[in-house]
1. Run the numbers for ASP94 and MET120: contour at 0.36 nm per residue of separation, minus the present Cα-Cα distance, in nm.
2. For segment 317-405, what is the largest minus smallest coordinate of the Cα atoms on each principal axis, given in angstrom and ordered from greatest to least?
3. Show VAL414, VAL254 ordered by accessible area, largest first, where the area counts protein heavy atoms only and the probe is 1.4 Å.
4. Using mean Cβ contacts within 10 Å as the protection proxy, how do 172-180, 157-165 order, highest first?
5. If you count, for each residue, the other Cβ atoms within 10 Å and average over each peptide, how do 313-320, 33-40 line up from highest to lowest?
6. Stretch ARG165-LEU301 to full length: gain in nm at 0.36 nm per residue minus the Cα-Cα span?
7. Using θ = phi - 60° and the Karplus curve 6.51 cos²θ - 1.76 cosθ + 1.60, what whole-Hz ³J(HN,Hα) does each residue of segment 125-134 get, with Gly and Pro shown as x?
8. What nm value, rounded to one decimal, do you get for the distance between THR292 and THR252 when each label is placed 7 Å out toward the C-beta?
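The values are calculated or read from the model by the stated rules, or taken from the named source; none is laboratory data. Just so we're clear, the structure is a prediction, and the values are computed from it rather than from any experiment. We place every Cβ from the backbone using ideal geometry, glycine too, and count neighbours over all the protein chains shown. These area figures cover heavy atoms from the full protein model, side chains too; ligands, DNA and RNA do not enter into them. Shrake-Rupley method; radii C 1.70, N 1.55, O 1.52, S 1.80 Å.
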Amino acid sequence: QGCAMSVRRSLATEILAMAWESLRTHKLRSALTIVGIVIGITTVVGVTSLIRGFDSTITGQIQGMGPDTAFIAKFSIGSLTSGQDFLELLTRPDIEPADARALRGLASVKKVSIIYQDQMAVAWYQGKRTASPLAVQGVAPEFLEASDIEIQYGRMLSEVDERERADVALLGATPAQALFGANQPIGRHFRISGREYRVIGVLKKRAIAGFQVDAVDNFILVPSTNFRKLYGPRAGQPTMISRTADGATTETMVNEVVTLMRIRHGLRSDQPNDFDVLTQESIMDLWQQISTAFFLVTVALSSVALMVGGIGVMAIMLVSVTERTHEIGIRKAVGARNGDILYQFLAESAALAATGGAIGVIIGAGIGYTIYEMTGFPVSMPWWAFAIPVAFSSIIGIFFGIYPASRAAGLDPVDALRYE
C-alpha cells in the first residue's frame, strides 16, 4: 500500500510538472487566456478590500454613536432607499434651533444639539493649509456631551460663544496637525472661508475599528449661530443629535421625540412623519443592507469577467488538445490511462486559471494599498481575501477544463498516433 501511495504521488507530481511546462512553453497564449480571470479577480480583491475598510470605518463610527443616541433629520438615506419621492422629501419642514430647545424639555432627553454640517472648506495658517477640504460643522454647546466626542485640550463652545456668534473653533486632530504640527494651537488664529477664527480647543483623535483614519477627524466645530452668520441662514441642512437621559431607554426617548415633533409640525394621526429619527441600531441595519447590496453587485459584475476568462480557458485547452493529439497517442501507447490524460489537462486548466487568480490578487491588493497610501482611505485585506479568489479561479479552471480534458482522455490511441 505504501508503494502504491508513493507511485500515485510521483504520478501526480509528474502531471503537475507537465502541466506547468506546457503553460511555460506557450507564455503569450497563456497570458492572453487569463486576462478575463485577472480582471475579474482584480476587481473582486480591490473592491472588497476597499468595501471592508470603508465598512469597518462606518461601522466604527456608528458604534461610536452609542446605543443611547438618536439623530433627527429632515430626511435620511433610509427614506431614499425606501422608495419615497425625493422632491416630496425636499418639501418637508427644516429642522430648526427651536426644535432642539423644545426637545431639551423632554424627561427622556439628557442632551440635544443641532448640527449644521454641509459645508467643506480649506483652512489656512501662516502659509500652511489643510491637505484636503475639511467639514465645517455648526453645533450647540451641548454637542460633545450628546455625541461622546472628547476634547484633547482646551475648552468646549460656551453659551456666550453661541449667543454672541463668536469666531471661535475647535479643531479635529487632522487639521490641528496640518496647521500647527507640534506647536500649541490654543489662542492662535487661522482662516477659513475668508474669515478668521480663534482656536479654543483640539479634539481627541479617534480610532475607528482598528484604523487611525485621518478623514474621520478632518473637521472643525464652530457655534451654530456663527455657522449661520458665515454661510447664511439657509445654508447647511441641519439635523439634531439627542442622548437618552439616565434611567430612560432609547425607545422611550425616540417615542417622546416623535410625539413632540409631530405636534410641532401639526401632523394629524393619519399623516406619516415628515422627519426621520435614526438610532444606532437602525443606522447599522441600513448600512449593512447598503454594503451587502454593493458587494453583491460587485461580485455579479466580476463574475462576467470570470465567465469570459473561463470560456477562454476552455477554448485554449481545446486548441491544446488538437495540437497535442499525437503526443496523447504516444502517451497512451506507452501505458498512460485515460485518467492520467484527464488529470493532466485538468491540472493544466486549473494551473492556468489559478495563475490568473494569483496575478489578479496581487494587482487588486496593489490597487488597494496604493489608494491607501495616496488618500489614507482605509483598506482591509485578511488572508482569506487572497486564498479564496485563487481557489475560486482554480475551480473555474477545472469546471471549464472538464470538456477539453474529457475529449483528450477519450481519444483513440491508434487514431491519435496517425494524427499529423
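1. So the extension gain works out to 7.3 nm.
2. 62, 21, 19 Å, listed from the longest principal axis down.
3. In descending accessible area the options line up as VAL414, VAL254.
4. Result, highest mean Cβ count within 10 Å first: 172-180, 157-165.
5. Ranking the peptides 313-320, 33-40 by packing returns 33-40, 313-320.
6. Full extension from ARG165 to LEU301 adds 43.8 nm.
7. Rounded to whole hertz, the list is 8, 6, x, 8, 9, 5, 5, 9, x, 10.
8. Calculated label separation equals 3.3 nm.
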